[in-house]
């Protein structure tokens, strides 16, 4: 049996690949790319049909973070010229959230920069959740506020949050080279706290930070081990003014293989195509929909994304449909709801190609007087 047949068969049975099989998938050639997508697509359709869940980001507090995560434009010492502002008022955040929901988003992700929330911050977010729920009662709310302390996850749950996001980002071995102000274990602890508080655990990764195939596989299996429900897969946006500026080492083909690997490791959870998809996948974005079952709509925290209308057109043109608010995202334990089956590293000595002009800093939506891109 071929590697792809083995991986697809395991995915249909909710079984993960071995670590060696996951590494072998990342090592496949571009000639095999469509076969890789087709195999991952069988697993995606089996568990999720042709539904695409839409998520919308609202940046409640932008910039001026005391942490030193190398990839982040909001980090301590960042010289990236991104929007900076303190906490949005609940109604301002609700206005931004409703714009995303009106465009088809099922989940609103409320994000705030910083190491972690104070108790007052949790109160602020609770007030914001109430303002959003007053206008859109059925929307899912995911909070992303940094490292959680005792009782904070429970308070967010009681306030109406459905999920909590805190990404692992990279492997435990690699983490110390990316951030020094907190560790991998701190992030894993917050994922556990959110899950133990009764929140849906959302945690993912960032590819393109100079990691190895082993790092990517390690973080994917770590996410599976934490029992997360949602895995956002981000591709590094190398902002000028951050330590990882100029790191343009991903190709569209590499991105698709990474997405497929995550799908096979986590066959029956929400795999979300997240930041950086437009500038790294480019014209191959529609192929990614055959692997993932969730995307962010419109802009991100500090960078502009594809126009919301273009996202909706892409989904329809690729033969998929937006997941309705009343349809459960996660598959149950029984038969599959969908039915049926369902970068190449830069050579040594050759400088990476720069695509810095592709990064557009967000200048609209939350924290500005301009309407959002939804």
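The values are calculated or read from the model by the stated rules, or taken from the named source; none is laboratory data. In this text the structure is predicted, and so the values were computed from the model without any measurement. Here the Cβ is made from the backbone with ideal geometry for all residues, glycine too, and neighbour counts use every protein chain on show.
So which residues in segment 13-23 are in a helix (DSSP H, G or I) and buried (at least 17 other Cβ atoms within 10 Å of the Cβ)?
Within segment 13-23, 21, 22 meet the criteria.
Out of 319, 305, report the one residue that is on the phi > 0 side of the Ramachandran plot and either part of a loop (DSSP other than H, G, I, E, B) or in contact with a strand residue (DSSP E or B) (Cβ under 9 Å, 6 or more places away or on another chain) (or both).
319
Give segment 18-37 a look and list any residue that's more than 22 Å from the chain's Cα centre (by Cα) and either at pLDDT below 95 or under 16 Å from residue 252 (Cα atoms) (or both), or say none.
Across segment 18-37, the qualifying residues are 27, 28, 29, 30, 31, 32, 33, 34, 35.
Yes/no per residue for (1) surrounded by fewer than 13 Cβ atoms within 10 Å (Cβ to Cβ); (2) at pLDDT 85 or above; (3) farther than 22 Å from residue 255 by Cα:
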position	(1), (2), (3)
299	no, yes, no
311	no, yes, no
319	yes, yes, no
356	yes, no, no
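Can you pull out the strands (runs of 3 or more DSSP E) entirely within segment 172-262 that have at least 2 residues that are under 26 Å from residue 35 (Cα atoms), at pLDDT 95 or above and out of contact with any helix residue (DSSP H, G or I) (no Cβ under 9 Å at 6 or more places or on another chain)?
230-235
Does segment 157-181 hold any residues that are surrounded by 18 or more Cβ atoms within 10 Å (Cβ to Cβ) and under 17 Å from residue 113 (Cβ atoms), and which are they?
Passing the criteria: 164, 165, 166, 167, 169, 178, 179.
Out of the residues in segment 95-109 meeting the condition of being in contact with a helix residue (DSSP H, G or I) (Cβ under 6 Å, 6 or more places away or on another chain) and surrounded by 23 or more Cβ atoms within 10 Å (Cβ to Cβ), tell me which one is nearest to residue 365 (Cα to Cα).
Step by step, filter segment 95-109, then rank; the result is 97.
Would segment 136-144 turn up any residue that is under 20 Å from residue 368 (Cα atoms) and outside any helix (DSSP H, G or I)?
No, segment 136-144 contains no residue that is under 20 Å from residue 368 (Cα atoms) and outside any helix (DSSP H, G or I).
If you take the residues in segment 28-55 that are more than 26 Å from residue 305 (Cα to Cα) and in contact with a helix residue (DSSP H, G or I) (Cβ under 7 Å, 6 or more places away or on another chain), which one is surrounded by the most Cβ atoms within 10 Å (Cβ to Cβ)?
That would be 43.
Across segment 38-66, what is the total count of residues that are at pLDDT 95 or above and not in a strand (DSSP E or B)?
Count: 13.
Being in a helix (DSSP H, G or I), more than 15 Å from residue 162 (Cβ to Cβ) and under 23 Å from the mean Cα position of the chain (by Cα) is the filter here; which residues of segment 101-120 pass it?
Matches in segment 101-120: 102 only.
Given the criteria in contact with a strand residue (DSSP E or B) (Cβ under 9 Å, 6 or more places away or on another chain) and either at pLDDT 95 or above or surrounded by 12 or more Cβ atoms within 10 Å (Cβ to Cβ) (or both), does residue 283 qualify?
no
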